[in-house]
Amino acid sequence: MSTNPSTTDTGTTGTRTTGTRNGRPAWMGLNHLALVTTDMDATTRFWHEVMGAEIVATVATPDFKHYFFRVGDAQTIAFFQYLNAEVETFAKPAGIPYEHASQFDHLSLGLPSEAALEELRARLEKYGCEVTEVVDHGFIRSIYFSDPTGIALEASWWTTDLAEPGYEVADRFLDPDPVPALRELIEKGSIARVPQTKLVDDLVIEPGVTGI
């Protein structure tokens, strides 16, 4: 048996990571930070090509697109584009409050396994915090809860290997009608053009996709 408090030996299946380290959840950083965009194509061009954050998964419903860009080991920035709702856009410097800061949606924290997810769920319930059942999204499984100020929180673990190459991996790329930037990656292996951005030094209402 492992002496590491965050693991247990499972015999034939090898070492399985559990959900605690010294009695605390075995956090692995951010699973994904979910933000909002009004132009998923421009967002894909910027994050995949300009920022070098490879697109690793997509989701689509009649109401939204949801794309994930890798920024670390099993850590992503994810964007929603709502298809049937008007969203106010704006730009602002970091650290300057704005009451309609609609770019932020929720924060997801990464865990290493299903067992860790179940252990965190039990921990939240023990402390009297409401939490959902485990929700299976296919390439990730999650629970949802809130902090005391009402910030929407999620804890997730990846059920698939993000290192598997390609932009048409069946269990991760689920948008049947991808934006043009992703189609370029699928068909040509690269993105042809990218948006240019400018620094923002004051609050700007309705700036458009480039933040100006």
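Computed from the coordinates by the stated procedures, all read-outs in this text should not be read as laboratory data. Bear in mind that the values here come from a model prediction, so they are computed numbers and not experimental data. We place every Cβ from the backbone using ideal geometry, glycine too, and count neighbours over all the protein chains shown.
Taken one residue at a time, the phi angles of segment 166-181 give Karplus couplings (6.51, -1.76, 1.60, θ = phi - 60°) of x, 10, 10, 5, 4, 8, 10, 9, 10, 7, x, 10, x, 5, x, 4 Hz. Gly and Pro are set to x.
The slack in the chain from Y98 to I186, taken as 0.36 nm per residue of separation less the alpha-carbon distance, amounts to 27.9 nm.
Taking 0.36 nm per residue of separation and subtracting the Cα-Cα distance, full extension of the segment from K126 to D201 would add 22.5 nm. Listed by chain and number, the lysines whose alpha-carbon sits under 19 Å from that of K92, ignoring those within fewer than 8 places in the same chain, are K198.
What whole-number value in cubic angstrom gives the convex hull volume per residue for the C-alpha atoms of segment 151-206?
Working: hull volume 11.5 nm³, N = 56.
Taking only Cα atoms, segment 151-206 has a hull volume of 206 Å³ per residue.
Converting phi to 3J(HN,Hα) with the Karplus coefficients 6.51, -1.76 and 1.60 and the offset θ = phi - 60°, segment 27-44 yields 4, 10, x, 7, 6, 7, 9, 8, 10, 10, 10, 9, 8, 5, 5, 4, 4, 4 Hz in sequence order, with x at every glycine or proline.
How do L174, L83, L111 rank when sorted from fewest to most other Cβ atoms within 10 Å of their own Cβ?
Details: L174 17, L83 12, L111 28.
Exposure proxy ranking, most exposed first: L83, L174, L111.
When you count the other C-beta atoms within 10 angstrom of each residue and take the mean per peptide, 188-196, 151-159 line up highest first as 151-159, 188-196.
May I ask you to sort F145, F79, F173 by Cβ crowding, counting other Cβ atoms within 10 Å and putting the fewest first? Walk me through the numbers before you get to the answer.
Details: F145 17, F79 25, F173 22.
So the ranking, lowest neighbour count to highest, is F145, F173, F79.
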